[in-house]
Amino acid sequence: MNLDNPKIAVVGAGAVGAYIGGYLSKAGHDVTLIDGWPANVEAINANGLTLSGLTDPECFNTPAKALHIAEVQSLMRDRPIDIAIVSVKSYDTAWATEMIKDYLAPTGFVLSLQNCINEETIARVVGWGRVVGCIAAKIAVEMTGPATVRRGVALGGNKHTVFRVGEPHGRETPRIQALMEMLSRIDSARTTTNLWGERWSKLCANAMGNGVSASTGFSSNEVARDPLTRRLQIKLAGEAIAVGQALGYALEEINKHSSEEWIAAANGDAKALAAVEESRLASTKTTAEGSRPSMGQDIQKGRRTEIEQINGFVVEKAKEVGLEAPANAFLVEAVKQVERGLAPASLDRVRAAPLGAIAP
């Protein structure tokens, strides 16, 4: 890998891809964004990327270059790609990796910057030696129009590490150190020797927020404020964490609470439940009103969600270890009803959720 001047391709210039690509372009890196939305590609090439956030330094426009997926073959006339950042929906991972693999440099690799756990899918295409993972935690970005991205939560800074970069084998390497330094210009970043524990911890955070927003139509703050959806979040997290522990992952702190506290809260422990609910409500103070997680955005825009790759994955893995995840299974079906247009997004979609001891 060319650590000094890497050639970077961002496959998927949606909210996360365009946000990362915008910052890297602004920092002077050689970045090419690749996307399937013609209007997005045209706007990036004509006017650059426009990013905004909760503070003035986060609001800027930067020149950038983009290719439509039909134009990817033109990369043969450029120098090979050192870092291919795959930032598409999880169900598009395999074809996106296939599309970019022939343009990688001999030491080039693919960085999964996505929800869910997609490293194995990427490895089947390019091999494990060419796979790196990156978790983007509490980034809450939304594409509000072609070439325009808004971030709805505060920067992590010293309070919260947003980017965690790791190798599947768990060792520190020069390439993840270089990636960490690159990403630290965007927000707080670190390397991790616990990629799989980090991945499952992020999956738990996604499992408790995304589908609830998608099925109800609520924003992140509305989900946290409503007693029913707040308790459902806690139940979803408790189930997902229990599955991760059974799989042997060393889970990280999730939204300011330990795994044990989440599970205790989900099982009705009064002290743990009160602490988790308090922090859920406190999170609304640092989240922009109207901000939605990616799955909530997908429903608003009439797109396919990642419900099967997030909550459905929890249910699948629960069966493998002899557990059940009834709240997660319930949510999968609730979101599918809305996604397929069989029912409107509404609080009614989750009123019958199996909450057990923590039903409000």
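The values are calculated or read from the model by the stated rules, or taken from the named source; none is laboratory data. Quantities reported herein were computed from a predicted structural model and do not represent experimental measurements. A quick note on method: Cβ atoms are made from the backbone with ideal geometry, for glycine too, and the neighbour counts reach across all protein chains shown.
The conditions are (1) touching a helix residue (DSSP H, G or I) at 6+ places or on another chain (Cβ under 8 Å); (2) under 30 Å from Ser291 (Cβ atoms); (3) of a type outside the set (Lys, Arg), and Pro57 fails exactly one of them. Which is it?
Result: Pro57 passes all but (1).
Within segment 139-157, track down each residue that is without any contact (Cβ under 8 Å) to a residue 60 or more places away in the chain and either in contact with an Asp or Glu (Cβ under 7 Å, 6 or more places away or on another chain) or surrounded by 19 or more Cβ atoms within 10 Å (Cβ to Cβ) (or both).
Across segment 139-157, the qualifying residue is only Gly156.
Within segment 120-131, can you find the residues that are surrounded by fewer than 23 Cβ atoms within 10 Å (Cβ to Cβ) and under 20 Å from the mean Cα position of the chain (by Cα)?
In the first step, residues of segment 120-131 are kept if they are surrounded by fewer than 23 Cβ atoms within 10 Å (Cβ to Cβ); the result is 120-121, 123-130.
Residues satisfying the conditions are Glu120, Thr121, Ala123.
Answer yes if at least one residue in segment 162-176 is modelled with pLDDT of 95 or more, farther than 24 Å from Leu33 by Cβ and hydroxyl-bearing (Ser, Thr, Tyr), and no otherwise.
yes
List the pairs whose first member sits in segment 177-191 and is over 7 Å from Phe163 (Cβ atoms) and modelled with pLDDT of 95 or more, whose second member is among the β-branched types (Val, Ile, Thr) and part of a helix (DSSP H, G or I), and whose Cβ atoms are under 6 Å apart, counting only residues at least 6 apart or on separate chains?
Here the result reads Thr191/Ile176, each pair linking segment 177-191 to a residue that is among the β-branched types (Val, Ile, Thr) and part of a helix (DSSP H, G or I).
If you check Gly28 against the conditions, is it in the same structural domain as Gly127 (by TED's automatic domain parsing) and within 22 Å of Arg164 (Cβ to Cβ)?
Working: in the same structural domain as Gly127 (by TED's automatic domain parsing): yes; within 22 Å of Arg164 (Cβ to Cβ): no.
Judged against the criteria, Gly28 is not a match.
Looking at segment 85-104 only, could you name the residues that are touching a residue at least 24 places away in the same chain (Cβ under 8 Å) and of a type outside the set (A, V, I, L, M, F, W, C)? First the steps, then the outcome.
Keep residues of segment 85-104 that are touching a residue at least 24 places away in the same chain (Cβ under 8 Å), which gives 85-94, 96-101, 103-104.
Residues satisfying the conditions are Ser87, Lys89, Ser90, Tyr91, Asp92, Thr93, Thr97, Glu98, Lys101, Tyr103.
Filter segment 221-278 down to the residues that are assigned to a helix (DSSP H, G or I) and charged (D, E, K, R) and list them by number.
We begin by selecting, within segment 221-278, every residue assigned to a helix (DSSP H, G or I); these are 221-225, 227-246, 259-266, 270-278.
Of everything in segment 221-278, those that are assigned to a helix (DSSP H, G or I) and charged (D, E, K, R) turn out to be Glu222, Arg225, Arg230, Arg231, Lys235, Glu239, Glu260, Glu261, Lys271, Glu277, Glu278.
Can you tell me how many residues in segment 273-293 are free of Cβ contacts under 8 Å to residues at least 24 places away in the same chain and either charged (D, E, K, R) or in contact with a strand residue (DSSP E or B) (Cβ under 8 Å, 6 or more places away or on another chain) (or both)? Walk me through it before giving the result.
Step one: of segment 273-293, the residues free of Cβ contacts under 8 Å to residues at least 24 places away in the same chain are 274-275, 278, 282, 285.
Okay, now just the ones that are also either charged (D, E, K, R) or in contact with a strand residue (DSSP E or B) (Cβ under 8 Å, 6 or more places away or on another chain) (or both), so 275, 278, 285.
Matching residues across segment 273-293 total 3.
Looking at Leu113, is it within 20 Å of Arg303 (Cβ to Cβ), at pLDDT 95 or above, of a type in the set (A, V, I, L, M, F, W, C) and outside the structural domain of Glu308 (by TED's automatic domain parsing)? So that I can check it myself, show each step before the final result.
Details: within 20 Å of Arg303 (Cβ to Cβ): yes; at pLDDT 95 or above: yes; of a type in the set (A, V, I, L, M, F, W, C): yes; outside the structural domain of Glu308 (by TED's automatic domain parsing): yes.
Yes, satisfied.
So which of Glu260, Glu277 ends up being farther than 30 Å from Gly53 by Cα, of a type in the set (Asp, Glu) and surrounded by fewer than 21 Cβ atoms within 10 Å (Cβ to Cβ)? Spell out how you get there, then give the answer.
Numbers: Glu277 fails: farther than 30 Å from Gly53 by Cα.
None of the other options fit; the residue is Glu260.
What tally of residues in segment 58-75 results from selecting those that are among the charged types (D, E, K, R) and either at pLDDT below 95 or under 20 Å from Ile186 (Cβ atoms) (or both)?
2
Can you pull out every residue in segment 41-62 that is over 14 Å from Ala15 (Cα atoms) and of a type outside the set (A, V, I, L, M, F, W, C)? Give the derivation first.
As a first pass, look at segment 41-62 and keep what is over 14 Å from Ala15 (Cα atoms): 42-43, 45-48, 54-62.
Within segment 41-62, Glu42, Asn45, Asn47, Gly48, Thr55, Asp56, Pro57, Glu58, Asn61, Thr62 qualify.
Just to verify a result, which residue in segment 284-330, among those that are of a type in the set (Asp, Glu), within 15 Å of the chain's Cα centre (by Cα) and in a loop (DSSP other than H, G, I, E, B), is surrounded by the fewest Cβ atoms within 10 Å (Cβ to Cβ)? Break it down stepwise before answering.
We begin by selecting, within segment 284-330, every residue of a type in the set (Asp, Glu); these are 289, 298, 306, 308, 316, 320, 324.
If we keep only those that are within 15 Å of the chain's Cα centre (by Cα) as well, we get 298, 306, 308.
Cutting the leftovers down to in a loop (DSSP other than H, G, I, E, B) gives us 306, 308.
Working: Glu306: 23, Glu308: 17.
Of everything passing the filter in segment 284-330, Glu308 is surrounded by the fewest Cβ atoms within 10 Å (Cβ to Cβ).
Against the condition surrounded by fewer than 19 Cβ atoms within 10 Å (Cβ to Cβ), part of a helix (DSSP H, G or I) and modelled with pLDDT under 95, how does Lys336 come out, does it pass? Write out each step before concluding.
Details: surrounded by fewer than 19 Cβ atoms within 10 Å (Cβ to Cβ): yes; part of a helix (DSSP H, G or I): yes; modelled with pLDDT under 95: no.
Criteria not met by Lys336.
Just to be sure I understand, how many residues within segment 76-105 are surrounded by fewer than 19 Cβ atoms within 10 Å (Cβ to Cβ) and either modelled with pLDDT under 95 or more than 19 Å from Glu308 (Cβ to Cβ) (or both)?
Looking only at that region, the number is 9.
Do we find a residue being basic (Lys, Arg), in the same structural domain as Gly17 (by TED's automatic domain parsing) and buried (at least 22 other Cβ atoms within 10 Å of the Cβ) anywhere in segment 158-165?
Applying the first criterion (basic (Lys, Arg)) to segment 158-165 yields 159, 164.
Restricting the remaining residues to those that are in the same structural domain as Gly17 (by TED's automatic domain parsing) gives 159, 164.
Then drop every residue that is not buried (at least 22 other Cβ atoms within 10 Å of the Cβ), which leaves 164.
Taking every residue of segment 158-165 in turn, at least one turns out to be basic (Lys, Arg), in the same structural domain as Gly17 (by TED's automatic domain parsing) and buried (at least 22 other Cβ atoms within 10 Å of the Cβ).
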